[in-house]
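Report on the structure given below.
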Amino acid sequence: MSTTFDVYPGNTSIPSFLSLKVLTELKLHGYFEQHGVAFDPQIDVRLISSDNREIHHVNLDDPFWWSENYYAWFTLNGVEGGTDAHILPLDEQWARELRSDWLCDHPQLEQTPELEQVYTTAQLLKRSWYFRRSIGQPAAINVLYGFLASALAELTEGVVDSNDGAWDFARFPALPQEFDRWYMNPQEALDSSSASWASACLTALSPTLPNHLQ
């Protein structure tokens, strides 16, 4: 079992691995500091072949883009496990269906101009990304994969989406600034299961957190 965050870009420029790493670390360390977790890990990334699991080192100055028979594998120093990132091919029919689905579930989004730009870009770029977290990952990885998605959405002026239980369904699609405010924040969760999961992750990261966050 796994959950995913999709990132749909709002422009056609592709950020570098380095810019994604730097911004994600900034968001991640800010989250830890906000919740009283004394932890500032660094991110490492590799490309792995889907065919034979061969590992390839990444030039961080390269665009965050690769052939479809590879995936990117992100880890944190000192933490077991990781999260994988994939490129997803899109087409114009997909973009139309996505727009219809979003507006059906969230009609208020009709007034969100950023989403119109995402639809346009999806048809031009014909690609999106998604970050996947498999079950049983450490708490720090659970936090990491969400902020990777948020950072990529911010760098591409796009949005984060999820429909498989990665976080509260009603929150999506989300602009990265919104996402950063409520992701893994027990007090901002709309669903009790999300609140419990976030609290459990924070407790695992720092057993001495104040009681109201546990």
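The values are calculated or read from the model by the stated rules, or taken from the named source; none is laboratory data. Because the structure is a prediction, the values reported are computed rather than measured. Quick reminder, even Gly has a Cβ in these numbers, built from the backbone with ideal geometry, and neighbours come from all protein chains shown. Accessible surface areas use protein heavy atoms only, side chains included; no ligands, DNA or RNA. Shrake-Rupley method; radii C 1.70, N 1.55, O 1.52, S 1.80 Å.
Residues in the stretch 168-177: is at least one under 23 Å from Asp40 (Cα atoms) and out of contact with any Asp or Glu (no Cβ under 7 Å at 6 or more places or on another chain)? First the steps, then the outcome.
From the stretch 168-177, those under 23 Å from Asp40 (Cα atoms) are 176-177; that's our starting set.
The next check asks that each one be out of contact with any Asp or Glu (no Cβ under 7 Å at 6 or more places or on another chain); those that pass are 177.
Scanning the stretch 168-177, I find at least one residue that is under 23 Å from Asp40 (Cα atoms) and out of contact with any Asp or Glu (no Cβ under 7 Å at 6 or more places or on another chain), so the answer is yes.
Here is a yes/no grid of residues against (1) within 20 Å of Gly136 (Cβ to Cβ); (2) among the hydroxyl-bearing types (Ser, Thr, Tyr); (3) modelled with pLDDT of 95 or more; (4) within 20 Å of the chain's Cα centre (by Cα):
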{"site": "Arg53", "(1), (2), (3), (4)": "yes, no, no, no"}
{"site": "Val58", "(1), (2), (3), (4)": "no, no, yes, yes"}
{"site": "Glu68", "(1), (2), (3), (4)": "no, no, no, yes"}
{"site": "Thr83", "(1), (2), (3), (4)": "yes, yes, yes, yes"}
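Evaluated against (1) free of Cβ contacts under 8 Å to residues at least 40 places away in the same chain; (2) of a type in the set (Phe, Trp, Tyr); (3) over 22 Å from Leu125 (Cβ atoms), Trp66 falls short on exactly one condition, (3). The selection criterion, being touching a residue at least 60 places away in the same chain (Cβ under 8 Å), of a type in the set (Lys, Arg) and closer than 19 Å to Leu144 by Cα, does not hold for Lys21. Taking the criterion of being part of a helix (DSSP H, G or I), in contact with an Asp or Glu (Cβ under 7 Å, 6 or more places away or on another chain) and surrounded by fewer than 19 Cβ atoms within 10 Å (Cβ to Cβ), the residues of the stretch 12-31 that qualify are Leu18, His29. The residue list Asp44, Asp62, Asp6 contains one member that is within 18 Å of the chain's Cα centre (by Cα) and at pLDDT 95 or above, which is Asp44.
Out of the residues in the stretch 71-81 that are closer than 13 Å to Tyr130 by Cα and open to solvent by 20 Å² or more (accessible area, probe 1.4 Å), which is farthest from the chain's Cα centre (by Cα)?
The qualifying residue farthest from the chain's Cα centre (by Cα) is Tyr71.
Does Arg46 count as charged (D, E, K, R) and in contact with a Phe, Trp or Tyr (Cβ under 6 Å, 6 or more places away or on another chain)? So Arg46 passes the test.
Among the residues of the stretch 39-51, just one is more than 21 Å from Gln137 (Cβ to Cβ) and not in a strand (DSSP E or B), namely Asp51. Could you tell me whether any residue of the stretch 96-104 is at pLDDT below 70, surrounded by 13 or more Cβ atoms within 10 Å (Cβ to Cβ) and not in a helix (DSSP H, G or I)? No: the stretch 96-104 contains no residue that is at pLDDT below 70, surrounded by 13 or more Cβ atoms within 10 Å (Cβ to Cβ) and not in a helix (DSSP H, G or I).
Which residues, counting only those in the stretch 40-55, are in contact (Cβ under 8 Å) with a residue 24 or more places away in the chain and open to solvent by 50 Å² or more (accessible area, probe 1.4 Å)?
Gln42, Asp44, Arg46
So in the stretch 135-168, with the set limited to residues that are open to solvent by 50 Å² or more (accessible area, probe 1.4 Å) and touching a helix residue (DSSP H, G or I) at 6+ places or on another chain (Cβ under 8 Å), which one is nearest to Phe17 (Cα to Cα)? Checked the stretch 135-168; the qualifying residue nearest to Phe17 (Cα to Cα) is Leu155.
Filtered by the rule that a residue be outside any helix (DSSP H, G or I) and among the aliphatic types (A, V, I, L, M), the stretch 136-176 gives Val159, Val160, Ala166, Ala174, Leu175.
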